[in-house]
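Report on one structure; see the data block that follows.
The values are calculated or read from the model by the stated rules, or taken from the named source; none is laboratory data. Since this is a predicted model, take the numbers as computed values, not measurements. Neighbour counts are summed over all protein chains in view; Cβ atoms, including those assigned to glycine, are modelled from backbone coordinates with ideal geometry.
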């Protein structure tokens, strides 16, 4: 990654941030000039309290009417970026985006990462439904939904899975029946992340029960404040979770909210799943960095060996084996990213990222609880260290890694059929 | 670090694969295994002609001065057909040891002929090529009349039967190990060929009062085996690349078989029980490929983590080969157990490749040591 070059003395963030209008159009300057100008603008506008607060890829404000920003500075940072169109730098300016290129967007995100600044806004609006509407929506839908997304006014969730439609998503049964200018929707969605905090849901519904599987499905946008929509959070083996069930009882939704054509929503859904897979794959690549150091530190505590060679040959072997696999995995991620430069399709090695990344994450936690031994048995309270309690929860939660976002079994099917050419 | 191949590298890989497929197909192993010479001089000459033996030798010694990245490409191609020629022994291990430790005179004398393939060099420094077992001190050097007399036995030593020059490790009276460059045909050296599971050239080497001069010392007097670390890391990446090629090919053979083998009226490759396991093998092979790519580039760049990544590449590539070969035999079924089918060669090759230069467990332990735990 290129270093951010900021003139000396300008690195101190201002607390009275106020957007500065760029002197030249970003598209007319070189990428290097843009990098310098963008860094300057960010340093001028990002509130001091936000520096260094970003740890994970999904850190940041998720927007919406139900969850206000956690601080005034978060709100101020969002407002500054909205003003410049930088919550979605490469979306069209007339819809509230920045009108920049993908490269410009990457530069901005590199600068934010380097300064450990959270992005002004994150979520499924920016990452999933926004790109989908830009590709498949009509003008009215874009005008109605994109500006609230880029301003962080509306938070979206994804209504795909159902109790009877998991890996076999196309067997979904939530019904939408046409009635005048509306569809009337009945059914249930499940595994809907943050449904209880979201304002709108994009959902797959069955509009033609007689058509075969994929053919009778429609992609529709539903305002969650509509009468008949309710949510219930799901408790996991690891405790509370962002997942919810969403119930639809006689929910009236305007037919104008259908994205693409009625009965042809599968095409839209597949494109959107593509956005989701790349998001999860990238997250996997980013999250696998520090397992070895963490495991060694745990082993030193558990084995009472503050320095030198660990007294357990088995533990050494297991940590080293995992660390090697993680290093090879991270190189594979780099290979995929490198292979996709210049807009090329990802190589066959990209197919293994989800299945390998999720399994590695599980192995890391499996090994950690094994090393922690008796300290891994806690659930809550103060009989166990907070760090160990969260390890146990994370270990349980990691069992879901090979299920969510396409089970490992489905991923292996895809590799076998599409990469290995098996019948 | 860039992992995609340059145009030149792609060309090297393509022509290497073509050379191996036309001149060194795996079928030859069936005749070579019963010949006194376990590899083909004709194939070796073709490999040398193509520049393989010169890849890791400096230009002023007649080499191409390319790196392990390029060497790994040709070793991978050789591994696909399990070519038994002493590429890693001579062009990587021996060449690197002389280049890294040799005096001007030794480099001038040895490297040009290694680079053009006319000299075969091999290491004779540890029983069975193992660096993870304690040295049993079976080869001893005494100091007599300002020179050395070497006695002892070294067993299971790869690629020495047809070698011209050996690097021998011998323990002196004070317990310290010294490396020597020795003419393989010197008086007092007898090489008794061994019959190996992988059919490769190996011998028990006996030293009976072999006289050596101070000028034959490679590196420092009493400098120890650790002097070879740099050469062994390069060799480990060479072996890893060879194993990667073998694993890739074993998987291909198995995929071809399950696509065409009909049972219960369908190709057995349509069964999910096999598909998932093959997809898993593919994932292991791709991870190992990443390991070889990053280790070879790190060593070429002189990166501090080169040794650790070389251990990773060796362990991961050999593990991938083991899995690909075992799953291959299982999926071939009964015919996989027959000598008539090639898949069994890959499992036999794994036995030798895994042990050579330290097995996977050794390299994991080394990784842990290098990482400070």
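Here are a few things to note about the model shown:
- Hey, residue A:355 within 8 Å of chain B (Cβ to nearest Cβ), within 20 Å of the chain's Cα centre (by Cα) and either surrounded by 15 or more Cβ atoms within 10 Å (Cβ to Cβ) or under 27 Å from residue B:371 (Cβ atoms) (or both) or not: yes
- Of all residues in segment B:355-373 being in contact (Cβ under 8 Å) with a residue 60 or more places away in the chain and farther than 18 Å from residue B:82 by Cα, the one that is farthest from the other protein chains (Cβ to nearest Cβ): B:358
- Qualifying residue in segment A:364-381 (condition: within 9 Å of chain B (Cβ to nearest Cβ), within 30 Å of residue B:365 (Cα to Cα) and touching a helix residue (DSSP H, G or I) at 6+ places or on another chain (Cβ under 8 Å)): no
- Considering segment A:142-197, the qualifying strands (runs of 3 or more DSSP E), each wholly inside and each with 2 or more residues that are in contact with a helix residue (DSSP H, G or I) (Cβ under 7 Å, 6 or more places away or on another chain) and surrounded by 23 or more Cβ atoms within 10 Å (Cβ to Cβ), run over A:156-159.
- For segment A:304-329, residues that are out of contact with any helix residue (DSSP H, G or I) (no Cβ under 8 Å at 6 or more places or on another chain) and surrounded by 13 or more Cβ atoms within 10 Å (Cβ to Cβ) total 0.
Per-residue answers, yes or no, for (1) assigned by TED's automatic domain parsing to the domain that holds residue B:192; (2) closer than 28 Å to residue B:103 by Cβ:
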residue: B:212; (1), (2): yes, yes
residue: B:260; (1), (2): no, no
residue: B:269; (1), (2): no, no
residue: B:287; (1), (2): no, no
residue: B:292; (1), (2): no, no
residue: B:303; (1), (2): no, yes
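- Residue identified as within 14 Å of chain A (Cβ to nearest Cβ) and either modelled with pLDDT under 95 or not in a helix (DSSP H, G or I) (or both) among B:295, B:313, B:303: B:303
- Counting only residues that are crowded, with 19+ Cβ neighbours inside 10 Å and either under 26 Å from the mean Cα position of the chain (by Cα) or farther than 17 Å from residue A:238 by Cα (or both), segment A:368-387 holds 3 of them.
- Take the conditions (1) free of Cβ contacts under 8 Å to residues at least 12 places away in the same chain; (2) away from chain A (no Cβ under 14 Å); (3) not in a loop (DSSP other than H, G, I, E, B); residue B:352 misses just one of them, which is (1).
- Flag if residue B:274 is facing chain A (nearest Cβ under 9 Å) and surrounded by fewer than 24 Cβ atoms within 10 Å (Cβ to Cβ): yes
- When residue A:230 is tested against (1) surrounded by 14 or more Cβ atoms within 10 Å (Cβ to Cβ); (2) in contact (Cβ under 8 Å) with a residue 40 or more places away in the chain; (3) not in a helix (DSSP H, G or I), exactly one condition is not met: (2).
- Condition met for residue A:95 (touching a residue at least 60 places away in the same chain (Cβ under 8 Å) and crowded, with 18+ Cβ neighbours inside 10 Å): no
- If you go through segment B:178-231 and keep only what is assigned to a helix (DSSP H, G or I), under 23 Å from the mean Cα position of the chain (by Cα) and touching a residue at least 40 places away in the same chain (Cβ under 8 Å), you end up with B:225, B:227, B:228, B:229, B:230, B:231.
- Residues satisfying the stated conditions in segment A:310-333, i.e. over 30 Å from residue A:350 (Cα atoms) and more than 7 Å from chain B (Cβ to nearest Cβ): A:311, A:312, A:313, A:314, A:315
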